[in-house]
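Report on the structure given below.
The values are calculated or read from the model by the stated rules, or taken from the named source; none is laboratory data. Not measured: the values here are computed from a predicted model. Quick reminder, even Gly has a Cβ in these numbers, built from the backbone with ideal geometry, and neighbours come from all protein chains shown. For the accessible areas, the whole protein counts, side chains as well, though only heavy atoms, and no ligand, DNA or RNA atoms are used. Shrake-Rupley method; radii C 1.70, N 1.55, O 1.52, S 1.80 Å.
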2 protein chains.
Amino acid sequence: MSRQEQVTGALRLIPARKGVAERVKAGQIVTVINTHGSQVVDSWAFNAEDPGEFMSMEHSRGAMLRVNPKVGDTLRSNKRRAMLTLTEDTSGGIHDTLIAACDRYRYEQLGHVGHHDSCTDNLAHALAAFGITGAETPSPLNLFMNIPVRADGSVSFEPPVSTPGSHVRLRAEMDLIVVFSACPQDLVPVNGAACTPQDAHYTID
Amino acid sequence: MSRQEQVTGALRLIPARKGVAERVKAGQIVTVINTHGSQVVDSWAFNAEDPGEFMSMEHSRGAMLRVNPKVGDTLRSNKRRAMLTLTEDTSGGIHDTLIAACDRYRYEQLGHVGHHDSCTDNLAHALAAFGITGAETPSPLNLFMNIPVRADGSVSFEPPVSTPGSHVRLRAEMDLIVVFSACPQDLVPVNGAACTPQDAHYTID
């Protein structure tokens, strides 16, 4: 099945290393496509009427009773309301809810000197286009990110298991502003062993 | 060894169902004592000079490479700076970084009608005493809370494994405002099978 058969809405770009925001109505389906197969997409959702209500990993884990959403699970807000339901997943089902968005401090600690794009800055820039400034950075839903949790509670940063063209579908449970960032991490292999951030795509149906 | 021998500073109360805040200087040691053995203590830390910098579970997990802090691990801020280091733990080593603080929405969803104390409100009240209002509710370090993560990524809410008088010691790595809430949860057994919130205590040395 080609990507064109899988998705029906217009294919929209999440440029490598950058973020996008979109308004989505309750009931619409957002499909996030891992076009090249190994790109992590940091994802957020905000109540379209109140950016102080946002998708919260710590509230979602308590409701899902899982650290990693599976098809049928609903991500919840910091007011414990339904925001996004995972309705389909062809990516292998490995996503992350545990790790903060990358930020300038992360790249400084990894030894990078000078400007580096980050998912935290991408979120701020994407929200600013909707007139929202000064928002906190909620802990993201890191689509396709592979952070295994072992029996002793240890975690590690591993390359994604997703394949080119694989996707997740998320149903909006309220009117939302969704934000996606094609993670610019190129110093550890979260975006694949080549450490090369790539474009991803999405549709809204 | 009695509790009096274990701790040297004045014993201070965290009243059952309520929260307290304290200013702590870099280098001081905060000892949190599970006086009755099965009380979860939701814990936060804020930079004393900037409440916009706070202890962050999602940043800490990425640095500790663990979901559950062990002796020697350092909890970090949303700017990835060292805030608190776990230097001693006689409680069995089971704490939680995954689950949100309880809030009015949690009790409503559990069927409670009318007012119920919550760790989220306790945090807000405790910070207000320092003139800090409108702060976000960071995901807490839930001392003594037992949320096992299984190989399939599922989690469950279990009674603590800690024993009466057991404690953790945390060294402040910067000047902090720390907040502790003796979790008022009495509808699920996170505070022990009896579902009865109890006092806890702490010292600052």
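Can you tell me how many residues within the stretch A:37-69 are of a type in the set (Ser, Thr, Tyr), away from chain B (no Cβ under 11 Å) and open to solvent by less than 20 Å² (accessible area, probe 1.4 Å)? Give the derivation first.
As a first pass, look at the stretch A:37-69 and keep what is of a type in the set (Ser, Thr, Tyr): A:38, A:43, A:56, A:60.
If we keep only those that are away from chain B (no Cβ under 11 Å) too, we end up with A:38, A:43.
Restricting the remaining residues to those that are open to solvent by less than 20 Å² (accessible area, probe 1.4 Å) gives A:43.
Residues that pass the stated criteria total 1.
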Among the candidates B:GLY72, B:GLY93, residue that is without any contact (Cβ under 8 Å) to a residue 40 or more places away in the chain, out of contact with any Lys or Arg (no Cβ under 9 Å at 6 or more places or on another chain) and more than 9 Å from chain A (Cβ to nearest Cβ): B:GLY72
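Restricting attention to the stretch B:130-149, which residues are under 22 Å from B:GLY93 (Cβ atoms) and away from chain A (no Cβ under 14 Å)? Steps first, please.
Our first condition is that a residue be under 22 Å from B:GLY93 (Cβ atoms); within the stretch B:130-149, this holds for B:139-149.
Within the stretch B:130-149, B:LEU143, B:PHE144 meet the criteria.
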Selection within the stretch B:189-205 - surrounded by fewer than 19 Cβ atoms within 10 Å (Cβ to Cβ) and under 14 Å from the mean Cα position of the chain (by Cα): B:ASP199
Single match in B:ASP186, B:ASP152 (criterion: assigned to a loop (DSSP other than H, G, I, E, B), over 23 Å from B:LEU84 (Cβ atoms), open to solvent by 10 Å² or more (accessible area, probe 1.4 Å) and away from chain A (no Cβ under 14 Å)): B:ASP186
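Consider the stretch A:161-183. How many of its residues are open to solvent by 20 Å² or more (accessible area, probe 1.4 Å) and within 23 Å of A:SER60 (Cβ to Cβ)?
At the first step, the residues of the stretch A:161-183 found to be open to solvent by 20 Å² or more (accessible area, probe 1.4 Å) are A:161, A:163-164, A:169, A:171, A:173-175.
Retained after the next criterion (residues that are within 23 Å of A:SER60 (Cβ to Cβ)): A:161, A:169, A:171, A:173-175.
The number of residues fulfilling the criteria is 6.
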Residue match in the stretch B:126-137 (condition: modelled with pLDDT of 95 or more and charged (D, E, K, R)): no
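Which residues, counting only those in the stretch B:104-121, are open to solvent by less than 50 Å² (accessible area, probe 1.4 Å) and farther than 16 Å from B:ILE14 by Cα? Please lay out each step first, then the result.
At the first step, the residues of the stretch B:104-121 found to be open to solvent by less than 50 Å² (accessible area, probe 1.4 Å) are B:106-107, B:116-120.
Within the stretch B:104-121, B:ARG106, B:TYR107, B:HIS116 qualify.
Any residue that is open to solvent by 30 Å² or more (accessible area, probe 1.4 Å) and either within 10 Å of chain B (Cβ to nearest Cβ) or over 19 Å from the mean Cα position of the chain (by Cα) (or both) - is there at least one of those in the stretch A:122-129?
Initially, the stretch A:122-129 is screened for residues open to solvent by 30 Å² or more (accessible area, probe 1.4 Å), giving A:124-125, A:128-129.
Cutting the leftovers down to either within 10 Å of chain B (Cβ to nearest Cβ) or over 19 Å from the mean Cα position of the chain (by Cα) (or both) gives us none.
No.
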